[in-house]
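> Below is one structure. I have some questions about it.
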Amino acid sequence: MADDTAIFSGAVTTTGRSEALRLEKSFFRANPEFRQRAKVMARVVGPGHVLVTVEDQQIDALEPDPIVSAFLAFLERDMLSDPSRLTPVPTGRADALKMLLKGVAVSDDDHIPDDVSF
């Protein structure tokens, strides 16, 4: 498995009539799913930040959003790299949440409307 925390250098260049992102060879050795001729998709996730995914990778039906997947992978790496920073939810806050949610029925099949923000 590739080191998800590795940083690779590259440059924007021109190839034929297209612009291209050129990355150092070590990126492709560490991430063989980005083999030559692989179809990729690039999503701008913020100014100066892009998420590149391989299109022919199978998408987990429970987590089709690559940005959520990337964020959860980041959290996992962070928690594993320094577990001393993890702290439990204080008992008082957990009790308050239980009271707030008392009687609320939920299901994994529930749909959250698109106009709901967190």
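What follows draws every value from the coordinates through simple rules; no lab data is involved. Predicted model only: the values in this text are computed from it and were never measured. Quick reminder, even Gly has a Cβ in these numbers, built from the backbone with ideal geometry, and neighbours come from all protein chains shown.
> Nearest 20 debye, what's the magnitude of the dipole of the chain about its Cα centre given +1 on Lys and Arg Cβ and -1 on Asp and Glu Cβ?
On the way: 13 positive and 19 negative charges, 116 e Å.
Approximately 560 debye in magnitude.
> Using only Cα atoms, tell me the angle between helix 91-101 and the longest principal axis of the chain; keep it within 0 to 90° and round to the nearest 10.
80
> Relative to the longest principal Cα axis of the chain, at what angle does helix 66-81 sit, 0 to 90 degrees, rounded to 10?
Relative to the chain, helix 66-81 is tipped by roughly 80 degrees.
> Further, regarding this structure: Tell me what the chain gives for mean residue ellipticity at 222 nm when only DSSP H runs of n ≥ 4 count, each as -39,500 (n - 2.57), the sum divided by the residue total, rounded to 500 deg cm²/dmol. Walk me through the numbers before you get to the answer.
Details: 3 runs with 33 residues, N = 118.
-8500 deg cm²/dmol, from helical runs alone.
> Along the charge dipole of segment 10-86, Cβ charges K/R +1 and D/E -1, which of P83, T15, I67 sits furthest on the positive end?
Positive-most Cα among the choices belongs to T15.
> Here is a further query. For K25, give me every one of the lysines with a C-alpha distance below 23 angstrom, ignoring sequence neighbours fewer than eight places off in its own chain.
Within the straight-line cut-off, K25 pairs with K39.
> A follow-up question, please. Hey, got a sec? Which GluC sites (Glu not before Pro) in segment 13-118 land in a DSSP loop and have at most 14 other Cβ atoms within 10 Å?
Numbers: sites: E19, E24, E33, E55, E76; in loops: E24, E55.
Here the GluC sites (Glu not before Pro) that fit, given the DSSP loop and packing criteria, are E24, E55.
> Computed from the coordinates I sent, Kirkwood radius over Cα pairs in Å equals one of (1) 18.7; (2) 20.8; (3) 14.6. Tell me the label.
(1)
> While we're on this one: Hey, got a sec? Which trypsin sites (Lys or Arg not before Pro) in segment 84-118 land in a DSSP loop and have at most 15 other Cβ atoms within 10 Å? The partial results should precede the final answer.
On the way: sites: R85, R93, K98, K102; in loops: K102.
The qualifying sites are K102.
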